[in-house]
Amino acid sequence: MSNIAVLGAMWGDEGKGHITHRLSRDYDWVIRFNGGANAGHTIYRDGVKFVHNLLPSVDFRHANTKAYLGSGMVIDLEKLRDEVVEADRTYPGVGKRIYVDKDAFIVEHKHKDEDKATNAHIGSTNRGIGPAYKEKINRSGKRIGDLLTNLNHPKDSPYADVLKELRSKGLMFTTVLEIEDAFRASNLLFEGAQGVLLDINHGIYPYVSCSDATVGGIIASGFAFAKLDRVYGVAKCCTTKVGEGPFPTELHGEAADDLRKLGNEFGATTGRPRRVGWLDLAALTYACKKGGITHLILTKFDILNGMPKVPVAVMYKKTPFSPADFFNAVPLTTEVAGWEDAKDYSQLKDFISLVEKFTKRPVGFISCGTDEKDITNWAA
Ligand code: IMO
Ligand code: MG
């Protein structure tokens, strides 16, 4: 069997959904293992745009691929219901291919209220993520399994109706161990949310999300048995960030406006304009090491079509070894030959060689557009 992971290598929004969706047809399961509805994974299927916040980025046209929402997630059940209803409209009966880990914790209304009231200084997505994980760590959180036990006592299970609705759509509530044999006999694709630089341990604290966005999150979700053949880290050919915190290669003013427009860099979850800057190989190398990334996937080459030279930060004055080293980092930038048309792959060689040289990771795939046909196996 062959298992892979697709992780965000930077500050999220790198195109993980797009890549996962394209690769998913060759896998039996696509498994989300961290985060919640703070993720916004954009997928184009037959030219139609879908944004998944909780559902793994499965290509539901391929009947054999199933979705699993793992125990490391925090799940807003009403949001999940809305996404399932939406998916079911296009793919009737799809709920039977969606499994939810009973050990996952839930996001409650009070968590979203608390997020709004207390986490504006981080730039939180207000999806209740921090407060839900806070209760989990404080040992006062609620697991989906607890709610299912109380399903017939609505007073004790305020989410009984939505759980029943999810069941009526065919969703299965289970645990990894209950279906371990099936997982062991399958090809697994683990889809990360957020990115290594937003990871609670290795991201640029305190400007981080609250879950394990590295390979560690896969093991923490009960999948220690799943040996990974490759861990792909996804990065754009420029960099974006939503929310506050250090961003060493950030552009400002008109230069930022121009790049933001080229990449249509507005949040899939919140609609916020993203902060933008050039590719940062010091941050990417740090993320590869901390994230367990063995191979890279670079996306959005098309947005820089026609730029004669593309700036890239190759290192910082002082190599970052810890999140603290990103505060006041001084990037050292070079310029590499640009491309007229990203679909003429020969023009991308200089840029990709530079990335491989500094990160010491081979590039596996590249993407130069939103369609699945725009994803190319670079290594082939
Ligand atoms: P995907 O999976 C980009 C950012 C928020 C904020 C910080 C904390 O689409 O790549 P949170 O709501 O998690 O407490 O917010 O993390 N953030 C993301 N930025 N993409 C994401 O997910 C993100 N999920 C959280 O903007 O700065
Ligand atoms: Mg996103």
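The values are calculated or read from the model by the stated rules, or taken from the named source; none is laboratory data. Bear in mind the structure is a predicted one, so any value in this text is a computation, not a measurement. Backbone-built Cβ (ideal geometry, glycine too); neighbour counts: all protein chains shown. We work out accessible area using only protein heavy atoms, side chains counted, and drop any ligands, DNA or RNA first. Shrake-Rupley method; radii C 1.70, N 1.55, O 1.52, S 1.80 Å.
What residues have an amide H closer than 5 Å to that of Gly35, excluding those fewer than 5 places away on the same chain, when H is modeled at 1.01 Å from N in the peptide plane?
For Gly35, whose amide H was placed from the backbone, the distant partners under 5 Å are Val74, Asp212.
Hey, any idea what % of region 332-380's accessible area is carbon plus sulfur with a 1.4 Å probe?
Values: 1290 of 2580 Å².
Its accessible area is 50 percent carbon and sulfur atoms.
Viscosity 0.692 mPa s, temperature 37 °C: give me the Stokes-Einstein translational D for the chain in µm²/s, with Rh taken as the Kirkwood radius over C-alpha pairs. Can you show the working numbers first?
On the way: Rh = 20.9 Å.
Using the Kirkwood radius from Cα pairs, D works out to 157 µm²/s.
Can you compute the modelled spin-label distance between Asn64 and Lys96, with each label point 7 Å from Cα toward Cβ, in nm?
Rounded to a tenth, the inter-label distance reads 1.7 nm.
Report, to the nearest whole %, how much of the accessible area of region 193-312 belongs to carbon and sulfur atoms, 1.4 Å probe, protein only.
Working: 2250 of 4200 Å².
So the carbon and sulfur contribution to the accessible surface is 54 percent.
Rolling a 1.4 angstrom probe over the protein heavy atoms, how many square angstrom per residue are accessible across region 247-380?
Numbers: 6260 Å² over 134 residues.
Accessible area per residue, region 247-380: 47 Å².
Roughly speaking, to the nearest percent, how much of region 40-131's 1.4 Å accessible area is carbon and sulfur?
Looking at region 40-131 in its full context, I get 49 percent from C and S.
Ranking request for peptides 48-55, 140-147: highest mean number of other beta-carbon atoms within 10 Å first, then the rest in descending order. Working shown, then result.
Details: 48-55: 19.0, 140-147: 17.0.
Peptide ranking by packing, descending: 48-55, 140-147.
What net charge do the residues around Asp115 carry, taking every other residue with its C-beta under 14 Å from that of Asp115, with Lys and Arg at +1 and Asp and Glu at -1?
Once all neighbours under 14 Å are counted, the net charge is +1.
Is the shape of region 4-127 rounded, prolate or oblate, going by the alpha carbon gyration tensor and its root eigenvalues a ≥ b ≥ c, with a/c under 1.5 for rounded and a/b larger than b/c for prolate?
Details: a/c = 1.77, a/b = 1.48, b/c = 1.20.
Taking the square roots of the gyration eigenvalues as a ≥ b ≥ c, region 4-127 is prolate.
Provide the per residue accessible area, probe 1.4 Å, for region 1-141, rounded to a whole number of square angstrom.
Numbers: 4930 Å² over 141 residues.
Roughly 35 Å² per residue, with all protein chains present.
Give me the net charge of Asp371's neighbourhood, meaning all other residues with Cβ under 12 Å from the Cβ of Asp371; Lys, Arg count +1, Asp, Glu -1.
It works out to a net charge of +1.
How much of the DSSP bridge set in region 1-147 is antiparallel, in percent, rounded to the nearest 5?
On the way: 6 of 16 bridges.
So the antiparallel bridges amount to about 40 percent of the total.
Answer rounded, prolate or oblate for region 186-291, using the Cα gyration tensor with square roots of eigenvalues a ≥ b ≥ c: rounded when a/c is under 1.5, else prolate when a/b is larger than b/c, else oblate. Could you put the intermediate results ahead of the total?
Numbers: a/c = 2.12, a/b = 2.00, b/c = 1.06.
Prolate.
Note down the nm distance, to one decimal, between modelled labels 7 Å out along Cα→Cβ at Ala120 and at Lys134.
Rounded to a tenth, the inter-label distance reads 1.6 nm.
For His252 and Asp28, calculate 0.36 nm times their separation in residues minus their Cα-Cα distance, and state this gained length in nm to one decimal.
On the way: separation 224, 0.36 × 224 = 80.64 nm, distance 4.37 nm.
Working it through step by step, the gained length comes to 76.3 nm.
Residue by residue through region 234-244, what is 3J(HN,Hα) from phi via Karplus (6.51 cos²θ - 1.76 cosθ + 1.60, θ = phi - 60°)? Round to whole Hz and write x for glycine and proline.
These are the phi-based 3J(HN,Hα) values: 9, 9, 7, 7, 10, 10, 9, 8, 10, x, 8 Hz.
State which entries of Lys236/Lys290; Lys290/Lys317; Lys112/Lys318; Lys134/Lys164; Lys96/Lys373; Lys79/Lys360 exceed 30 angstrom in Cα-Cα distance in the structure shown. Working shown, then result.
Working: Lys236/Lys290 18 Å; Lys290/Lys317 20 Å; Lys112/Lys318 39 Å; Lys134/Lys164 27 Å; Lys96/Lys373 28 Å; Lys79/Lys360 40 Å.
Where the Cα-Cα span goes over 30 Å, the pairs concerned are Lys112/Lys318; Lys79/Lys360.
If you look at just the Cα atoms of region 222-380, how large are its Rg and its Dmax in Å?
That works out to 15.7, 50 Å for Rg and Dmax.
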